[in-house]
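The values are calculated or read from the model by the stated rules, or taken from the named source; none is laboratory data. Keep in mind that what you see is a predicted model, and the values were worked out from it rather than measured. Because the Cβ atoms are built from the backbone with ideal geometry, glycine has one as well, and the counts that use them run over all protein chains shown. The protein model used for the area step is the full one, side chains on, heavy atoms only, and it has no ligands, DNA or RNA in it. Shrake-Rupley method; radii C 1.70, N 1.55, O 1.52, S 1.80 Å.
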Amino acid sequence: MDIIRDIVENMGRYWVTLSVWDVFDILIVAIAIYKLIQLMRRSNAMQVLRGIVLLLAVMLLSQIIGLRMVNAVLSNAVQIGLFAVMVLFQPELRKMLEQMGAARLPSALRQKSSSDMGNAIGQTVSACGALSWRHEGALIVFERSVVLDDIAKSGTLIDAEVTAELLKNIFYPKAPLHDGAAIIQNGRIASAGCMLPLTGQMDLNRELGMRHRAGIGMSEDTDALVVIVSEETGGISVAKQGTLTQHLTPEGLDEILRQEFMPRDEDAQRGFSRLFGRARGKKS
């Protein structure tokens, strides 16, 4: 009880001396923790985090009720636990640093032709509709703020205008590049036949193939939007931030892509969020 009373008294003294910069400082830390939790929720690291929280809770409880030996053992474990946490969370930390380092300038500062992007979206939707009807698989990645040059170099460099015929030829089942992904950068097909990282999610629908797992993994590692056409079912899906939206029509795909990459105003963006939320299928 003395510890709890001391904590309350210290918080009261700190609140009196709180300044604007202190509030700003707290907000920065809170946002950083929130982003880290968001990142870990999309991986198995969340289970490890729960274990760490439980360990800290037991240590605090042992200190309050006077279990000195238990508290001493747990305190020593926590002191060396920082290095263990860095090892356990190494993939998540690396992913976060890669996203921070690979970010481009804000979209408002980049010279990107809206007509080129509109053409790329229209041609992609047309190609996906035809591929879906023929049950030919496709994996198309739309780059956003995180640069995908390394991913693009894993395939065959193309640097061509986006056309429905070119996309259909790339993903023709007997074409040499059909098993990889096509990367669209600044409204152009940068490369095709690219290798994407697979998702680490263990609770996915077993009916999903490697294209879907690669698309989800790409959307987890970057902020890219990934369009997937299933070879087995012909279904069209979109992966964003580790979540898969399934059973889209060509019209639905067109609406999502245009409102994501060419929002007219804030109302349109909010409309897309509602659309994406309604269309969000089973997290597979």
Item to check | Efficiency of FRET from Cβ geometry, residue 223 and residue 160, R₀ 30 Å, rounded to 0.05 | outcome: 0.80
Checklist entry - Once the other residues with Cβ under 15 Å from the Cβ of residue 132 are scored (Lys, Arg +1; Asp, Glu -1), what is the net sum? => result -2
Checklist entry - For the stretch 123-168, which whole-number percentage of the solvent-accessible area (1.4 Å probe, protein heavy atoms only) is attributable to carbon and sulfur atoms? => result 50
Checklist outcome for this item: Looks like the stretch 222-261, by Cα gyration tensor root eigenvalues a ≥ b ≥ c and the a/c under 1.5 rounded cutoff (else prolate when a/b is bigger than b/c, oblate otherwise), is oblate
Next on the checklist: How much length would be gained if the chain were fully extended between residue 23 and residue 206, taking 0.36 nm per residue of separation minus their Cα-Cα distance, in nm to one decimal?
Outcome noted: 61.2 nm
Item to check | Whole-number accessible area per residue in Å² for the stretch 118-189, which is evaluated in the context of all protein chains at 1.4 Å | outcome: 43
Item to check | Neighbourhood net charge (13 Å Cβ-Cβ; Lys/Arg +1, Asp/Glu -1) for residue 166 | outcome: -1
Next on the checklist: Which GluC sites (Glu not before Pro) in the stretch 127-212 sit in a loop by DSSP (not H, G, I, E or B) and have at most 14 other Cβ atoms within 10 Å of their own Cβ?
Outcome noted: 207
Checklist entry - Do any trypsin sites (Lys or Arg not before Pro) in the stretch 195-227 lie in a DSSP loop with no more than 14 other beta carbon atoms within 10 Å, and if so, which? => result 206
Checklist entry - How far apart, in nm, are two points set 7 Å out from the Cα along the Cα-to-Cβ line at residue 53 and at residue 175? => result 4.7
